[in-house]
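The values are calculated or read from the model by the stated rules, or taken from the named source; none is laboratory data. Since we're looking at a predicted model, the values are computed, not measured. With ideal geometry, Cβ positions are generated from the backbone for all residues, glycine too; neighbour counts draw on all protein chains shown.
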Amino acid sequence: MDIAILGVGSLGEAVLIGLLESGMPPAQIWATAQPAERAAVLADAYGIEVGTDNASAATEADVVLVAVRPGAVEGVLDEIAPVLEGDAVVVSLAAGVPLRRIAARLPEGVTTVRAMTNVAARAREAATALTAPDGTDLTEIEDLFDRVGVTVTVEEPMMDLITAVGGSGPAFLFYLADAMTTAAVDGGMDPHAARVMVDQMLLGACLHLQSSDRPAAEILDDITTPGGTTAAALDVLNAAAVDDTVKRAVGAAARRGRDLARLTPPLARVRAAAPSPRPRRPRRRSPR
Ligand SMILES: NC(=O)c1ccc[n+]([C@@H]2O[C@H](COP(=O)([O-])OP(=O)(O)OC[C@H]3O[C@@H](n4cnc5c(N)ncnc54)[C@H](OP(=O)(O)O)[C@@H]3O)[C@@H](O)[C@H]2O)c1
């Protein structure tokens, strides 16, 4: 299966790294990035073909992952539509852009999918939600995203909430990690030691949570001794209604996803494709 990743930025690079780490041959991955200098850096770093011309990268790809920001998605679809083969699959990784808007830009017969994944794809630990029109066979796309983590299939109306929890979710933990590391450093700890300790604590806690059948609230109860240190910390978090703040943060991210769907202009600004920074290798189709 040949893959094109269009718009390799934060998320696209995470997915790219995860796919390569999963053993996908570099020769099966075609990518684009802006500007040409970044494309050249990515090509050198990962040993894959990276240019700035979306249509060229999408040519003959079996699966095209569109990883640009929401406002640029429809412009990129317009660029690639003329070169897509009838059996191509186009997967948008963008927040907010609905399937109907994606399909409207593509030739009839092309399969359209939305995937909400996250930057943990870099560590092959992403949580990815897929949605597609009724009756779409998602086996191939599930297999692709299973390479970079765990994949579920959902109905499209759930995608904004999933974007908030799954797509933006790592940011919540990075926020917590930063706050805890800062507290440790402010208390006099060596910054490197604080970073190592907080990172490992979060990793260990997440593995513990994942390996348990019990809900997080029960595990929390178990480790909270009345009058103990954890209870003292929770008293402060509860007094500040941090749980409610987290709910409101999730709500804000979900609303933003819905707004993006409304606000994304039908014809987004598309950058003029600069010439590819390096000679392209001849195309050949790999076995799917
Ligand atoms: N980041 C996340 O954690 C995350 C999580 C879930 C979903 N998403 C979704 O993933 C998408 C990308 O997010 P991101 O954070 O990775 O954004 P990003 O870092 O800005 O990546 C997008 C990349 O695409 C490039 N680009 C812009 N227009 C292009 C074009 N016409 N052709 C080729 N490349 C183009 C951008 O270059 P310039 O910077 O030069 O414009 C940038 O490098 C968004 O739609 C977002 O909703 C992101």
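For the range 61-75, enumerate the residues that are near the ligand (Cβ under 10 Å from one of its atoms) and among the small types (Gly, Ala, Ser).
Across the range 61-75, the qualifying residues are Ala67, Gly71, Ala72, Gly75.
Which condition from (1) polar (S, T, N, Q); (2) at pLDDT 95 or above; (3) over 16 Å from the mean Cα position of the chain (by Cα) is the one that Ser10 breaks?
Evaluating Ser10 over (1) polar (S, T, N, Q); (2) at pLDDT 95 or above; (3) over 16 Å from the mean Cα position of the chain (by Cα) leaves (3) as the failure.
In this structure, is Ala33 within 14 Å of the ligand (Cβ to nearest atom), under 10 Å from Val8 (Cα atoms), without any contact (Cβ under 8 Å) to a residue 40 or more places away in the chain and crowded, with 18+ Cβ neighbours inside 10 Å? Please lay out each step first, then the result.
Numbers: within 14 Å of the ligand (Cβ to nearest atom): yes; under 10 Å from Val8 (Cα atoms): yes; without any contact (Cβ under 8 Å) to a residue 40 or more places away in the chain: yes; crowded, with 18+ Cβ neighbours inside 10 Å: yes.
Judged against the criteria, Ala33 is a match.
Please verify whether the range 174-185 includes one or more residues that are modelled with pLDDT of 95 or more, more than 20 Å from Val242 (Cβ to Cβ) and not assigned by TED's automatic domain parsing to the domain that holds Val150.
Yes - at least one qualifying residue is present in the range 174-185.
Take the residues in the range 224-243 that are aliphatic (A, V, I, L, M) and surrounded by 11 or more Cβ atoms within 10 Å (Cβ to Cβ), then tell me which one is nearest to the chain's Cα centre (by Cα).
Val242
For every residue, the table says whether it meets (1) closer than 25 Å to Val150 by Cα; (2) more than 10 Å from the ligand (Cβ to nearest atom); (3) outside any loop (DSSP other than H, G, I, E, B).
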{"site": "Pro82", "(1), (2), (3)": "no, yes, yes"}
{"site": "Gly86", "(1), (2), (3)": "no, yes, no"}
{"site": "Gly96", "(1), (2), (3)": "yes, no, no"}
{"site": "Ile102", "(1), (2), (3)": "yes, yes, yes"}
{"site": "Pro107", "(1), (2), (3)": "no, yes, no"}
{"site": "Thr112", "(1), (2), (3)": "yes, yes, yes"}
{"site": "Ala115", "(1), (2), (3)": "yes, no, yes"}
{"site": "Pro133", "(1), (2), (3)": "yes, yes, no"}
{"site": "Thr136", "(1), (2), (3)": "yes, yes, no"}
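Do we have any residue at all in the range 74-96 that's among the hydrophobic types (A, V, I, L, M, F, W, C), surrounded by fewer than 20 Cβ atoms within 10 Å (Cβ to Cβ), more than 12 Å from the chain's Cα centre (by Cα) and under 26 Å from Val250 (Cα atoms)? Let's see the steps before the verdict.
Our first condition is that a residue be among the hydrophobic types (A, V, I, L, M, F, W, C); within the range 74-96, this holds for 76-77, 80-81, 83-84, 88-91, 93-95.
Keeping just the survivors that are surrounded by fewer than 20 Cβ atoms within 10 Å (Cβ to Cβ) gives 81, 83.
Subset that is more than 12 Å from the chain's Cα centre (by Cα): 81, 83.
Filter once more, so that each one left must be under 26 Å from Val250 (Cα atoms): none.
Among the residues of the range 74-96, not one is among the hydrophobic types (A, V, I, L, M, F, W, C), surrounded by fewer than 20 Cβ atoms within 10 Å (Cβ to Cβ), more than 12 Å from the chain's Cα centre (by Cα) and under 26 Å from Val250 (Cα atoms), which makes the answer no.
Is it true that some residue in the range 114-130 is at pLDDT 95 or above, more than 13 Å from the chain's Cα centre (by Cα) and surrounded by fewer than 23 Cβ atoms within 10 Å (Cβ to Cβ)?
No, because not a single residue in the range 114-130 is at pLDDT 95 or above, more than 13 Å from the chain's Cα centre (by Cα) and surrounded by fewer than 23 Cβ atoms within 10 Å (Cβ to Cβ).
Which is within 16 Å of the ligand (Cβ to nearest atom), under 18 Å from Tyr175 (Cα atoms) and not assigned by TED's automatic domain parsing to the domain that holds Ala123, of Val246, Val196, Val236, Val250?
Val250
Taking interchain pairs and intrachain pairs at least six residues apart, which have beta carbon atoms under 9 angstrom, with the first residue in the range 154-169 and in a helix (DSSP H, G or I) and modelled with pLDDT of 95 or more and the second of a type in the set (Lys, Arg) and buried (at least 20 other Cβ atoms within 10 Å of the Cβ)?
Final answer for the pair search is Glu156/Arg114; Met159/Arg114.
Before we move on, is Ala183 assigned to a helix (DSSP H, G or I), free of Cβ contacts under 8 Å to residues at least 24 places away in the same chain and at negative phi?
On the way: assigned to a helix (DSSP H, G or I): yes; free of Cβ contacts under 8 Å to residues at least 24 places away in the same chain: yes; at negative phi: yes.
Yes: the conditions hold for Ala183.
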